[in-house]
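Structure record follows, encoded as structure tokens.
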Amino acid sequence: MDLFDYMRERSQEKEAPLAARMRPRTLSEVVGQEHIIGDGKLLSRMIKADKLGSVIFYGPPGTGKTTLAKVIAGATKADFKQINATSAGKKDMETVVAEAKNVRGAYGRGTILFIDEIHRFNKAQQDYLLPFVEDGTVVLIGATTENPYFEVNNALISRSVVLELKPLSREDVAKIILVAVNDSERGLGSFGAQITDEAVSFLSDAAGGDARRAINAVELGITTTPRSEDGIIHLTLDVVSECIQKKAIRYDADGDEHYDTISAFIKSMRGSDPDAAVYYLARMLSAGEDIKFIARRIMICASEDVGNADPMAMVVAASAAAEVERVGMPESQLILSQAAIYVATAPKSNSSCVAIEQAMKYVEQTANLPIPPYLQDAHYKGSAKLGRGVGYMYPHDFPGHYVAQRYLPERAGDITFYAPSDEGFEKEIRNRIDKHL
């Protein structure tokens, strides 16, 4: 790098967004993610020993995936190449591989290939990398906001260490905010701005673990807020709340957040927590989740987890499913809320669920056991000659509309599939069954 290149790079750094200028340069400057970069942790050891293997960083935006890749680039002796899967293609990878082979042959150095948004590559593009990752031509660092076990080829996963980055804590975000405001070298300390404790606390919450959002809000606040009479730019709660505005809900209808949120929603209803159920319902509705999909999940939960402990749960859920199709949003949020709360607070029993699971397994194991002849169809000419329906006792002809009669195949013995619980209406069902035993 000559003097002109150096001056141009320095100029670009000064003009770059604050979030880019504040990107940590060394492992010691990284805030958070102690579970993977703390002393003695795997990634820390790999970087310090310059023995990096292929790694896939997985986590929400703003948690440091690209930052860690850049830190590795600064700490390693290997060449570092970066591409973004949203705009790059196979040709770009071919160029990197060719250069990596030349560097290894001429200088004995390895090459680290950082692919941002790696989940955007299709299967064929990901497959292209396999032999070069396997033979060490390149060390792969992939970054993705989506669960790599869903979005990245199994072959690449098996050759990589998957490290999940967590949303930053409120305390971590607060530290970053204060550096952004006060540091004169890489932050905006030269502006002489001051931020209130209340504003720091609010931003730390509103950022939702995303350092970039917090930094962008600080930069917008400082560069657009006029100085007060005392010559200071005051970042108050009103200023920063306007700058960060409403947090965009991170939610991909085909991705991780979709599955994680609906899972939490169902488990909250199953766990009889109406507040949690409504919270996850609100998250899905705010993110634009399909209301018909939500209604279907409530119906399934009403059957699987409430069952006959409260048969009305299914009625409420089915009615809600029909109503949301007629009404639409935003009124459907009322209907879904009512149904979710009803299911969450209803007595619980999975006895019906267990019964069909056991029955399906038994049928798979025993195939088609002979149906007792007296239960077989007798609505055709000649059925009596075959013994079909002969000996069947019609329950309504007996007191209480019940008669003791075997309905299971003989070879099934006295097997039981449905064992009603003591919850809710199933107590009554159990009494009815016991009465006829």
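The values are calculated or read from the model by the stated rules, or taken from the named source; none is laboratory data. Note that the coordinates shown come from a computational prediction; the quantities given were computed from them, not determined experimentally. Every residue, glycine among them, receives a Cβ derived from its backbone with ideal geometry; neighbour counts consider all protein chains shown.
I'm checking my understanding of the structure. Among residues of the stretch 123-151 that are modelled with pLDDT under 90 and among the small types (Gly, Ala, Ser), which one is nearest to LEU43 (Cα to Cα)? Across the stretch 123-151, the extreme among qualifying residues is GLY136. Residues considered: VAL315, VAL403, VAL343, VAL327. Of these, the only one that is touching a helix residue (DSSP H, G or I) at 6+ places or on another chain (Cβ under 7 Å), under 30 Å from TYR280 (Cα atoms) and free of Cβ contacts under 8 Å to residues at least 12 places away in the same chain is VAL327. When the stretch 74-123 is filtered for residues that are closer than 20 Å to GLY64 by Cβ, among the acidic types (Asp, Glu) and in contact with a Lys or Arg (Cβ under 9 Å, 6 or more places away or on another chain), only ASP116 remains. Of all residues in the stretch 73-119, those satisfying the criterion of being farther than 23 Å from TYR149 by Cβ and touching a Leu at 6+ places or on another chain (Cβ under 6 Å) are LYS81, VAL96.
Within the stretch 238-261, can you find the residues that are hydrophobic (A, V, I, L, M, F, W, C) and either surrounded by fewer than 18 Cβ atoms within 10 Å (Cβ to Cβ) or at pLDDT below 80 (or both)?
Selection gives ALA248, ILE249, ALA253.
Here the condition is being of a type outside the set (Val, Ile, Thr) and within 29 Å of the chain's Cα centre (by Cα); of ALA98, ALA88, ALA49, ALA78, it holds for ALA88 alone.
Across the stretch 353-378, the number of residues qualifying as of a type in the set (Val, Ile, Thr) and not in a helix (DSSP H, G or I) comes to 1. Just one of the listed residues (ILE356, ILE298) is at pLDDT 95 or above and either buried (at least 22 other Cβ atoms within 10 Å of the Cβ) or not charged (D, E, K, R) (or both), namely ILE298.
Of everything in the stretch 415-429 that is assigned to a helix (DSSP H, G or I) and under 18 Å from ILE356 (Cβ atoms), the residue that is farthest from the chain's Cα centre (by Cα) is ILE429. Within the stretch 46-64, restricting attention to residues that are free of Cβ contacts under 8 Å to residues at least 40 places away in the same chain and more than 17 Å from GLU164 (Cβ to Cβ), the residue that is surrounded by the most Cβ atoms within 10 Å (Cβ to Cβ) is ILE47.
Okay, residues lined up against (1) under 19 Å from ARG21 (Cβ atoms); (2) out of contact with any helix residue (DSSP H, G or I) (no Cβ under 9 Å at 6 or more places or on another chain); (3) touching a residue at least 24 places away in the same chain (Cβ under 8 Å):
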position: VAL181; (1), (2), (3): yes, no, yes
position: LEU203; (1), (2), (3): yes, no, yes
position: GLY209; (1), (2), (3): no, no, yes
position: ASP230; (1), (2), (3): no, yes, no
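Just one of the listed residues (ARG186, ARG227) is at pLDDT 90 or above, more than 29 Å from the chain's Cα centre (by Cα) and among the basic types (Lys, Arg), and it is ARG227.
Every residue, every condition in (1) within 22 Å of the chain's Cα centre (by Cα); (2) not assigned by TED's automatic domain parsing to the domain that holds LEU408, yes or no:
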{"residue": "LEU285", "(1), (2)": "yes, yes"}
{"residue": "CYS301", "(1), (2)": "yes, yes"}
{"residue": "VAL316", "(1), (2)": "no, yes"}
{"residue": "ILE356", "(1), (2)": "no, no"}
{"residue": "LEU369", "(1), (2)": "no, no"}
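Restricting ASP116, ASP127 to residues that are surrounded by fewer than 16 Cβ atoms within 10 Å (Cβ to Cβ) and of a type in the set (Asp, Glu) narrows the list to ASP127. Look at GLY142 and say whether it is under 30 Å from the mean Cα position of the chain (by Cα), under 21 Å from LEU68 (Cβ atoms) and outside the structural domain of LYS81 (by TED's automatic domain parsing). Spelling it out, it is not the case that GLY142 is under 30 Å from the mean Cα position of the chain (by Cα), under 21 Å from LEU68 (Cβ atoms) and outside the structural domain of LYS81 (by TED's automatic domain parsing).
Tell me which residues, restricted to the stretch 372-392, are modelled with pLDDT of 85 or more and out of contact with any Leu (no Cβ under 7 Å at 6 or more places or on another chain). Correct list: PRO372 only.
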